[in-house]
Every structure is written in C-alpha cells, then in structure tokens.
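K.L.:
My questions will all concern the structure given below.
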Amino acid sequence: MIRSIAPLAAVIWCVLSAGATAAPTVYTIDPAHTYPSFVAGHQGVSHWIGKFNKSSGKVWLDREHSTGKIDISIDVSSINFGFPMLDKIMQGPDYFDVAKYPVATYKSASISFKDGQPAAVNGELTLRGVTKPVALTLTAFKCRQNPIFHREVCGGDATGEFDRAQFGLTKAVEAGDSMVKLIIQVEALQGDSLPPMPLMGAPGAPPGTPPASN
C-alpha cells in the first residue's frame, strides 16, 4: 500500500511545485513618463525629431526564466513635432492617415536577457494596418521602489529603426532617407493597473511633495 501511494505523492508534489513557480510580473506603462520618439528625414535636407504623446500597455517580465513579453498601443493622432502645422499634415491621408488607422501597436512574445537584465526585444510593429518585425535594443534598464506609490517601477531606454516605406509611408520618400530611427524612453509601474496620481501638496500626499500651484 505504501509503495502504491509513494508514486502518487511524487506526482502531486511535482504538480504543486510547478504551480509554485514564480509567475511573470506585470508592469503597466506610465503614460506620463513614456514618450516614443523618432527621427525622420525631412525633404532630404535635415532630420526632424517627433514623438507620440499618448501611449499605453503592459510589460511582463519573467526574471526566473529570463524572458517576458510586451503589448503597447500608441495613439497616432498624438504625434508631436513641436510644429502644429506639420503635426496636422502627418495626421492626414498622405502620411499616418489617423482617421483610418488611429492606433499603432508594438507586440513581442519574448524579451532577451543578458547578465540578468532585459537587453533586446524582437517584436512586431503594426502601423497603417501593416505589420512588420522591428527589433529594439535596450541601452539602459533599471528597477527601484517608487517613492509615491510604494511599488516597483522599471524603466529604460530603447533604440531601433524601420523603413517607413514598408508601412505605406511612401510620401516624399524620394526626397530623402526612408529609414526612421526610434529613441524610446519608457517607465512602467508594477501591477495590472495604475493608481491615481496624488494631487501635489494635497492631504495624504507623500512627505516632501511640492504644493500645487494655483
């Protein structure tokens, strides 16, 4: 009897041990500290730097297995060159056509680690309804305790590039370089959602928080 129970106990132990394995930690993108930026050629004579003001999504990190995944959405209408007239042109049908394609996404089912830290992402960018692989290299990555929310916050810088013509952004390609460089800074807070930001100087705000300006 004891011999027959022993194998069953071993199976149960293996199942329980597998269930106890640490699950990936989810982090929610902080849109107030995340602005995907890019550098693109302008009429073959200079390069303009732009960014998207609105982004959202989540990052999952599995440090035990040195992997993770990413799911990011970008509001394309929030494009910002610091020049409203150019922003309007870029939102139009000749370029991003935000009326038809209001959202761009970046998704990856895996993150590569090096020396215990995320180092690269091989994901897919969907832009103007076209999906193509776009690799990102993490040039910096760090996590620490957020002093306001008392949760872990992770942030980093990423770089990459893609050919805009492959996504249907062919307008004025003949006038200059069609390659777009990505320079992205991102911060994400541990948890499946973001807590409300405390009012600056409001009752209950963390010590040392500056008072709100009137």
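Derivation of every value follows stated rules applied to the coordinates shown; laboratory data play no part. Remember, it's a predicted structure, so these values are computed and weren't measured experimentally.
K.L.:
In segment 26-190, what is the volume of the convex hull around the alpha carbon atoms, normalised per residue and reported in Å³?
P.N.:
111
K.L.:
Further question: Give me the compactness ratio for segment 127-177, meaning the Cα radius of gyration over 2.2 N^0.38 Å.
P.N.:
The value comes to 1.78.
K.L.:
Cα-Cα over 29 Å: which of K114/K171; K114/K181; K51/K132; K88/K142?
P.N.:
K114/K171; K88/K142
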